[in-house]
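This report refers to the structure that appears directly beneath it.
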Amino acid sequence: MTITTGVDGGPIEAYCAQRVFRPGPEVYITGNPYRRPVGSTGVGDLDFSTPATEAEFLGYRQLVAGRILCNAYESDMILLPPAGLATAKEDFDLFYSDEVRGLRDTIRPGLERYAFSFLDDAVTVPPVRTLEELQAYFLGEVGGAGAPADHTGNNPAVDTGAPVSGTMRAITECRHAEEAAGMHLIQLALDALTEASAMARNLGGSYGVEQSELFKIFNDEFGYGLYPAKHSTIFKGMLASVGLRTDLHAYWNFYLTSSLVGVNYFNWLTEDHRGVFRYMAAVTYLEWLFAQGFADTGAMLRTVFGDRVDTKYCDEHAHIDIHHGRMTYENLLLGFARAHGELVIPELVRGIEDTKLLLRLGDEDFRAQIRWADTLEEHTRLGASLATSTRDDEEVRRLRPGDPFTTRVHDADRVIEVTDGEVDVHAWATDRPHRLGRGDALLVPRARLHGLTAVSATADVAVRTLEGNLT
Amino acid sequence: MSRVVVMDLRRHNTVLVGHHRYFVFEPDGRPLLVRDWCPHRGGPLSLSRQTPDGRRLVCPWHGTKVGTAAVKRTSVPMVRSGDEAVVMLPDVDADTPITVIHKRILANLPPEAEQAKTVPCPPAAAGVHE
Amino acid sequence: MTIQHVSVPVGAVTETLSERALTFARNPLFGGDRHVLHGPNPYRRMLAPETLPEIDFARALTARDWATYRSLGAHRLLGTFYEAETVLLPEQGLTELRGDFDEFYGTGLRHLREATISDLERFAFGCLADEVDVSGNCTVDVLDAYFQHVTDESEQGESPALNAIAAARRPEVAADTYLVQLALDGLTEASAMSRNLAGAYGPEQSALFKIFIDEFGYGVHDTKHTTIFAKMLRSRAMATHVHAYWNFYLSGPLATNNFYYYLSRDHAKFFRYAGAVTYAEAVFAPAFVKMIKVYREIFGDDVDLHYCDEHAHIDEHHGRITREQVLLALAEKHGPGVVPELMRGIAEARLVGGWFEEDTAAQIRWADDIPRHRELAAATRTGEPRSVRASVDGPFGTRSHDGAVVLALDAGEADLVTSATGEPERLVRGDAVLIPAGRVYGIKAVSPECRYLLHPVVDEPTT
């Protein structure tokens, strides 16, 4: 085991320099849950001292901070490769080592501040003070989000026959609908393959009836101790049915910034127990929305993949989250308000408002990614036509097959031009990445996640910033 | 082949058979050994409460209502003689662990006996000395 | 929760462990109050900051130090650190305690904890590496043979603590002392285990969760183990909130409780945890059978032992399943590289469990026999004393000493408190009592001011 220490430039650089956080040649990472590259050389030099604003939500630094925080939070979980530890023991030792965890503890607070502070400015907490107001507010919010209560007033209504709409519909309308659907599953996988791990942090301790109520939700997620019924297990079944890999973070390189921030948000609230009230409300809001949300996801998947997709995971959520919507609403959201009084109601509301915003931002990020990834041919034509409207800030890279692979976003619209050789552009997980030959130029709008691999023995690319803004 | 288990009904009310649980259910005042398993999600029916009409059990996990008659149909062969019950568990391997225990059973409580939630004992009443 | 700007506590890291520990303990949450029992506020617990400078944190505990003040002080701190990573909310609602909640979980203490915990763990548990060796070619068969051997041994063995209760003059008080030690874990049961549920590690994760389901009473709050544990305390007219009896937790039980958190905080130790928890599950059942027998003899039907019944039976069943689906399954899947770790966990759990028993037994025997320790005080040769003042309104705390001392009341009147529920022993000017090494006691002033002398024992008479 080699622990990289003594790197100049501070603890973030030292953390990112650890072997398991550095990129390797593979696009998809299998058989080793400890390898999760943060980014290419220089990520440790980024400045995280000024918090990201909402406008910078999809910036490169948010992506990098998101990856580092995900690694930080997950080193508090037990991850073992399904085939046994024998081949990954060194990485296991490094990932969980005292030194790496020490670095983690040093850098985590600053990164949390960087990543989540925008919520303080972006979220306005409506004046909800009493239990009655909280009830009215919650039911109003979920109704407004398209998930009203059913006739009982306490369960989320679910219409499994509803036509798909919104993002699910956008997926079905993609030319490469299978890749787009796969990209959606990959975003879910970030959380689903370790499902309920953030929740587990709120099981310890002592806080009365609400603790037991949270446990009941957890119990469903964990399939009552039966491995085949565990949600992460049936999620793997869904992935496998459409030919996707089931290893934890096989698609690490394809998690969008917003997905990382969203999942990290729940880990943050459970890792710092002052967030317990925000967490309970956030989880209530999500569980309630999941009921219809997963019914829609199931319908989308069946439209895209036909009978071959195993949608048990979606069907399970569409069913059980009706219960969870009710249980979390009555016993956690209202339960905490009853047990701890009006003092905590503003924090409960804050959890819901945060989640609303994160869901909206996540949706926008995902829609933009599939829109772009689905039209790389058009963006290649656009790139060619815009090649003369770029700044004189050319960065030139030479790529070779087997080079360390990583994906990234840029903070401005850029044109990637292949000046020699051939490269593949990875904008989502696919067996048919978009190929650029010599002279091709691809427009990569700001915040779009992409990675490049060389197809020819060497390939040269030049990256330039577009003058002005698209749109 | 059936496995035979002898229970002393004064001391035992639950049988653990591998991962399965059975509990002594007394819907009509007569003991039956039934599966402690809600058909919805396997919730612990032994910890369910009866509906006010006494005809159904409300599972503590998701509030699923299970007809008493359906629960009775899960009963396993048993011969009771006084306080002794001889249970014949069908199709259980010889190496499956079996344990006979006493657990809290709420399903046998009358529906009207719904207790108030346990009130935490205030420390003043709990022998705090200074 | 607001996000505060936090600079990296460079200063904290360069300070010594002693300095960091002291800074933490000096937080107002940990200074105690005049009450012997802690009130229903899970954030406040007495860390006796004024006595911590006595502890030389540069010299780690050895496996023979379990009943020392060094151990007691360190494990109180460590236990507080660990519990700050669980969710504690007061039964009566948070309204009145919001400030304490924010402080307990706040950035300041958290930074101190994070800067301190690894060093404190090394101080407290580093000795396990010296005390336990696993050698030779350890296969799954070897693991199973060792596991069967130590669990059989435990089943047939004696419990020093329960024997001490049965032999006590005041068995009720002795029995309560034992309950207090169990309360440390019993009121937050399975909290360490919950830290091993997150992540992704296959069928073994589900098998461990099955045990957790039982601890959590299938999600039915009335049957949660902590709830039925509270019922047992209530049947003895004892307080049920976290941690009413903080001042009476002994170092051995604190170390035992912390041990499971220690293995659960740092997942590099996961396989040791898996060995330890499998051992614990297997030995609980016979231990609770013995406990039921002793408690029934003392209290007849006047004690609610549902908690013990639950463990006596369900753990027997689980013990077998855990062995197969956690211990042996992990060994099969992850190979011979992890088998020694699993075995080490078993051996460590057995060793630390012994500290629980021995310490509790010694405390019970001493607290049950104070009159004789008054006599022994007179027959003991002592060295130069130091003087300690106590006032009736001052904070109450308990402590022990690394070596035996003779405590002699020099001025005023005071109560010597040695158990949570027994009558304290009134001391007047001129009274002296021998306090053997490691025995936990508190002095509660009765007169407005009192002063006592602590004479180190030079030559202890055989007790």
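The values are calculated or read from the model by the stated rules, or taken from the named source; none is laboratory data. Bear in mind the structure is a predicted one, so any value in this text is a computation, not a measurement. Here Cβ is always computed from backbone atoms with ideal geometry, including for glycine, and neighbour counts include all displayed protein chains. Ligands, DNA and RNA are excluded from the accessible area calculation, which covers all protein heavy atoms including side chains. Shrake-Rupley method; radii C 1.70, N 1.55, O 1.52, S 1.80 Å.
Excluding ligands, DNA and RNA, the accessible surface per residue across chain C is 34 Å² with a 1.4 Å probe.
Relative contact order (percent) for chain A, with alpha-carbon contacts under 8 angstrom and 6 or more residues of separation? Across chain A, relative contact order equals 18 percent. Extension gain for C:Phe299-C:Glu375 works out to 24.3 nm (0.36 nm per residue, less the C-alpha to C-alpha distance). Counting Lys and Arg as +1 and Asp and Glu as -1 over every other residue whose Cβ lies under 13 Å from the Cβ of A:Gly153, the net charge comes to -1. Between C:Asp133 and C:Asp102, the modelled labels are 5.5 nm apart [label points 7 Å from Cα along Cα→Cβ].
Legend: residues in the range A:327-356 shielded by at least 10 square angstrom of accessible surface upon adding the remaining protein chains to the isolated chain (1.4 Å probe, heavy atoms) are A:Met327, A:Ala339, A:His340, A:Leu343, A:Glu347. The distance between label points at A:Glu133 and C:Ala63 comes to 6.2 nm (points 7 Å beyond Cα on the Cα→Cβ vector). Computed from Cα atoms, the angle from the helix C:306-322 axis to the main principal axis of chain C rounds to 40 degrees. What does the charge dipole of the protein assembly as shown about its Cα centre add up to, to the nearest 20 debye, if the Cβ of each Lys and Arg holds +1 and the Cβ of each Asp and Glu holds -1? Charge dipole of the protein assembly as shown: 1060 debye, to the nearest 20. Pairing chains C and A buries close to 5500 square angstrom of accessible surface in total, based on protein heavy atoms and a 1.4 angstrom probe.
Relative contact order of the range C:371-459, taken over Cα pairs closer than 8 Å and 6 or more residues apart, is 47 percent. Dipole of the range C:134-368 computed with +1 at Lys/Arg Cβ and -1 at Asp/Glu Cβ about the Cα centre; of C:Leu162, C:Ala287, C:Ser264, farthest Cα towards the positive end is C:Ser264. Please work out whether the range A:408-471 counts as rounded, prolate or oblate from its C-alpha gyration tensor, where a ≥ b ≥ c are the square roots of the eigenvalues and a/c under 1.5 means rounded, while otherwise a/b larger than b/c means prolate and anything else oblate? Since a/c reaches 1.5 but b/c is at least a/b, the shape of the range A:408-471 is classed as oblate. Legend: distances between Cα atoms for A:Lys312/C:Lys224; B:Lys72/C:Lys210; A:Lys89/A:Lys312; B:Lys65/C:Lys224; pairs beyond 24 Å are A:Lys312/C:Lys224; B:Lys72/C:Lys210; A:Lys89/A:Lys312. Axis of helix A:209-221 versus longest Cα principal axis of chain A: the two differ by about 50°, to the nearest ten degrees. Per residue of chain A, the DSSP helices (runs of n ≥ 4 H) give a summed -39500 (n - 2.57) that works out to -15000 deg cm²/dmol at 222 nm.
For the range B:3-110, the solvent-accessible area works out to 47 Å² per residue, with a probe of 1.4 Å and every protein chain left in place. In whole percent, and with a 1.4 Å probe on the protein chains, what portion of the accessible area of the range A:416-461 is carbon and sulfur? Reported share for carbon and sulfur atoms: 39 percent. B:Val6 to C:Arg320: FRET efficiency via 1/(1 + (r/R0)^6), r the Cβ-Cβ distance, R0 22 Å, to the nearest 0.05? It comes to 0.65. A quarter of the convex hull surface defined by the alpha-carbon atoms of chain A gives 22.5 nm² as the mean projection. Ordering A:His249, C:His313 by accessible surface, largest first, gives C:His313, A:His249; the 1.4 Å probe counts only protein heavy atoms, with every chain in place. May I ask you to list the residues of the range C:264-292 whose amide nitrogen lies under 19 Å from a point 7 Å from Cα along the Cα→beta-carbon direction of C:Gln156? Hits in the range C:264-292 for C:Gln156 at 19 Å: C:282-290.
Residues A:Ser212, A:Ser389, ordered by accessible area of protein heavy atoms at a 1.4 angstrom probe radius and largest first, appear as A:Ser389, A:Ser212. The length gained on full extension between A:Ala457 and A:Thr160, counted as 0.36 nm times the residue separation minus their Cα-Cα distance, comes to 101.8 nm. How would the range A:360-466 be classified by its alpha-carbon gyration tensor: rounded, prolate or oblate, with rounded meaning a/c under 1.5 and the a/b versus b/c comparison settling the rest? Taking the square roots of the gyration eigenvalues as a ≥ b ≥ c, the range A:360-466 is oblate. Taking every DSSP beta bridge that has both ends in the protein assembly as shown, the antiparallel portion is near 95%. Measure nothing fancy, just the Cα-based angle from helix C:339-367's long axis to the longest principal axis of chain C, in degrees from 0 to 90, nearest 10. Here the helix axis deviates by roughly 30 degrees. With each label modelled as a point 7 angstrom along the Cα→C-beta vector, the A:Ala145-C:Arg169 pair spans 6.6 nm. Decide, for the range A:111-184, between rounded, prolate and oblate: order the square roots of the alpha carbon gyration tensor eigenvalues as a ≥ b ≥ c, take rounded if a/c falls under 1.5, and otherwise choose prolate if a/b is larger than b/c, else oblate. Here the range A:111-184 falls in the oblate category. Of the residues A:Tyr329, C:Leu17, B:Cys38, the one whose Cα sits farthest towards the positive end of the charge dipole of the protein assembly as shown is B:Cys38 (charges of +1 on Lys and Arg Cβ, -1 on Asp and Glu Cβ, taken about the Cα centre). Each of A:Leu134, A:Phe222, A:His151 was scored by the projection of its Cα onto the charge dipole of the range A:124-373, and the greatest displacement toward the positive side belongs to A:Phe222; charges sit on the C-beta of Lys, Arg, Asp and Glu. Shown for the range A:11-120: the carbon plus sulfur share of the solvent-accessible area, taken with all protein chains present and a 1.4 angstrom probe, equals 53%.
Averaged over its residues, chain A has an accessible area of 34 Å² per residue, based on protein heavy atoms and a 1.4 Å probe. With the biggest extent put first, the Cα atoms of chain C measure 66, 59, 47 Å across the principal axes.
Can you pull out the GluC sites (Glu not before Pro) in the range A:161-262 whose DSSP state is coil and whose Cβ has at most 15 other Cβ atoms within 10 Å? Qualifying residues, ordered by number: A:Glu173.
Suppose every K and R has +1 on its Cβ and every D and E has -1 on its Cβ; what is the size of the dipole of chain A about the Cα centre, in Debye to the nearest 20? Each step should come with its number before you reach the end.
Working: 44 positive and 68 negative charges, 122 e Å.
Approximately 580 debye in magnitude.
In this view, the solvent-accessible surface of A:Phe118, computed with a 1.4 Å probe and all protein chains in place, comes to about 10 Å². Note on C:Ser387: accessible area is roughly 70 Å² with a 1.4 Å probe, heavy atoms of protein only. Out of the total accessible area of the range C:371-459 (probe 1.4 Å, heavy atoms of protein only), what percent is carbon and sulfur? Carbon and sulfur: 48 percent of the exposed surface of the range C:371-459.
Taking 1.567 mPa s as the viscosity and 4 °C as the temperature, the Stokes-Einstein diffusion coefficient of the protein assembly as shown based on its alpha-carbon Kirkwood radius rounds to 42 µm²/s.
Among the residues of the range C:191-219, those with an accessible-area drop of 50 Å² or more from chain alone to full protein complex, heavy atoms and 1.4 Å probe, are C:Ala198, C:Gly199, C:Ala200, C:Ser206, C:Phe209, C:Lys210, C:Phe216, C:Tyr218, C:Gly219. Residues A:Phe254, C:Phe284, sorted by accessible area with the largest first, give C:Phe284, A:Phe254 [1.4 Å probe; ligands and nucleic acids excluded]. The charge dipole of the range C:264-349, taken about the Cα centre with unit charges on the Cβ atoms of Lys, Arg (+1) and Asp, Glu (-1), comes to about 500 debye, rounded to the nearest 20. Remark: relative contact order (the range A:162-264) = 32 percent; criterion is Cα-Cα distance under 8 angstrom and separation of 6 or more residues. In the assembled protein chains, A:Lys312 presents an accessible area of approximately 110 Å² (probe radius 1.4 Å).
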